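A quick write-up on the structure given underneath.
The values are calculated or read from the model by the stated rules, or taken from the named source; none is laboratory data. Remember, it's a predicted structure, so these values are computed and weren't measured experimentally. With ideal geometry, Cβ positions are generated from the backbone for all residues, glycine too; neighbour counts draw on all protein chains shown.
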């Protein structure tokens, strides 16, 4: 059990053993700086980008002090989006794998309230959820916080950006004053400082370097003429030049995400828009297709993209310069994760020159302005994603499992297992990515066959 850096911490043996089996051998900077204070019971403010390891830091803290024999809610983790809440809950469960009888429950919008109430009646030790839905449970009395000893605000800056301040206040007012409060945020604006010092007791502030090493991310600046047409042409040129498998394009407004995505789609690119006006089911479908590489371009606002955890994101393109310098750093930090190389391109016009100067002063180094690729690239065929998505009309409620779908696809006269990609199963639907070249064959195979002895409707998205 001594083959992990976590062994030096005052963690119970089951957690140390599990960390070792999960190959958590070294602590990230934010873990090394925050965990000793968290385990000592102090309130902690942690500033670190997505992917910095903060989830494991606060998860280990709340798991260490959990009393599994005391069956009531002892820890509450609030997240800005359902996607982030699901990721956090998954990580908590992974880290708790060696501890018996721990129940982790997610409470987010987009799921029937009554079903969540039924789950709550069975009890839970840890709740992970979004502020709006958690507040509703607290207000209706279906969630009791009397036994709460740890409150975590994850991505607190975006919860405020998304208008969750009233819900946060209502939840905190119902929580015991004698508790440990952990606040993690990618940026640290004045609004966060204000709420932190109001709800926390002598918090320890832990900050890790928000910038990324130049070895993993290549930042490129491209000056464009004023006007949407020039900026959009530049975006097309960059996509044609680098031809990334997965690209996150950041816009500053919801309207612009739709305009850019629709214009790209009209030219044959595989692009979808992600913004706050989407219903949860539509958001889920978009993220499924982007994460399984059957859509190559996601055009999003900063708020809508918060909480996304897309592996191997090849490129980030800033269609507009972010209004906040730390937001720019956070955007760029979504590529080049886990030691892989990443590409970050930013388009700016003469009127945005001052933002570039502020950015360079913030980074303490200059960024070269490069010439845009040749216009001849606009005549080149656009890149098509390698995968396609099949939607199956059955999910967890119908006891459908990933192995069932894989077996149905690769059975007699089926496709090769290597041509099957990511399989994601929701309550009523399942999604499977297959190689684009065999998508129709896979569709016919599932439509004509059975999964778990049942016939399901199947669509090619």
Failed criterion for residue 261 (all others in (1) closer than 25 Å to residue 356 by Cβ; (2) touching a strand residue (DSSP E or B) at 6+ places or on another chain (Cβ under 6 Å) hold): (1)
Could you tell me whether the range 146-156 includes any residue that is under 29 Å from residue 195 (Cα atoms), modelled with pLDDT under 90 and surrounded by 17 or more Cβ atoms within 10 Å (Cβ to Cβ)? yes
Does residue 377 fit the bill of being assigned to a helix (DSSP H, G or I), out of contact with any helix residue (DSSP H, G or I) (no Cβ under 6 Å at 6 or more places or on another chain), touching a residue at least 12 places away in the same chain (Cβ under 8 Å) and surrounded by 15 or more Cβ atoms within 10 Å (Cβ to Cβ)? no
In the range 25-48, what residues are part of a loop (DSSP other than H, G, I, E, B) and in contact with a helix residue (DSSP H, G or I) (Cβ under 6 Å, 6 or more places away or on another chain)? 26, 27, 48
Residue 83 fails exactly one of (1) more than 21 Å from residue 16 (Cβ to Cβ); (2) at pLDDT 85 or above; (3) assigned to a helix (DSSP H, G or I), namely (2)
Of everything in the range 308-344 that's surrounded by fewer than 22 Cβ atoms within 10 Å (Cβ to Cβ) and under 29 Å from residue 460 (Cα atoms), which residue is modelled with the highest pLDDT? 314
Take the residues in the range 49-95 that are in contact with a helix residue (DSSP H, G or I) (Cβ under 7 Å, 6 or more places away or on another chain) and over 19 Å from residue 34 (Cβ atoms); name whichever of them is surrounded by the fewest Cβ atoms within 10 Å (Cβ to Cβ). 83
If the requirement is being farther than 30 Å from residue 238 by Cα and in a loop (DSSP other than H, G, I, E, B), which of these qualifies: 423, 367, 415? 415
For residue 269, the lone unmet condition from (1) buried (at least 18 other Cβ atoms within 10 Å of the Cβ); (2) in contact with a strand residue (DSSP E or B) (Cβ under 9 Å, 6 or more places away or on another chain); (3) modelled with pLDDT under 90 is (3)
Could you tell me whether any residue of the range 126-138 is surrounded by fewer than 15 Cβ atoms within 10 Å (Cβ to Cβ) and in contact with a helix residue (DSSP H, G or I) (Cβ under 9 Å, 6 or more places away or on another chain)? no
Of all residues in the range 166-207, which are in a helix (DSSP H, G or I) and under 23 Å from residue 144 (Cβ atoms)? 166, 167, 168, 169, 170, 171, 172, 173, 174, 199
Within the range 107-119, can one find any residue that is within 18 Å of the chain's Cα centre (by Cα) and within 23 Å of residue 196 (Cβ to Cβ)? no
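Results for (1) at pLDDT 95 or above; (2) within 28 Å of residue 269 (Cα to Cα); (3) in contact with a helix residue (DSSP H, G or I) (Cβ under 8 Å, 6 or more places away or on another chain); (4) surrounded by 15 or more Cβ atoms within 10 Å (Cβ to Cβ), shown as yes or no for each residue.
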{"site": "400", "(1), (2), (3), (4)": "no, no, no, yes"}
{"site": "404", "(1), (2), (3), (4)": "no, no, no, yes"}
{"site": "414", "(1), (2), (3), (4)": "no, no, yes, yes"}
{"site": "419", "(1), (2), (3), (4)": "no, yes, yes, yes"}
{"site": "427", "(1), (2), (3), (4)": "no, no, yes, no"}
{"site": "432", "(1), (2), (3), (4)": "no, yes, yes, yes"}
{"site": "439", "(1), (2), (3), (4)": "no, yes, no, yes"}
{"site": "456", "(1), (2), (3), (4)": "no, no, yes, yes"}
Considering the range 116-142 alone, what residues qualify as being in a loop (DSSP other than H, G, I, E, B), in contact with a strand residue (DSSP E or B) (Cβ under 8 Å, 6 or more places away or on another chain) and either in the same structural domain as residue 324 (by TED's automatic domain parsing) or over 21 Å from residue 83 (Cβ atoms) (or both)? 125
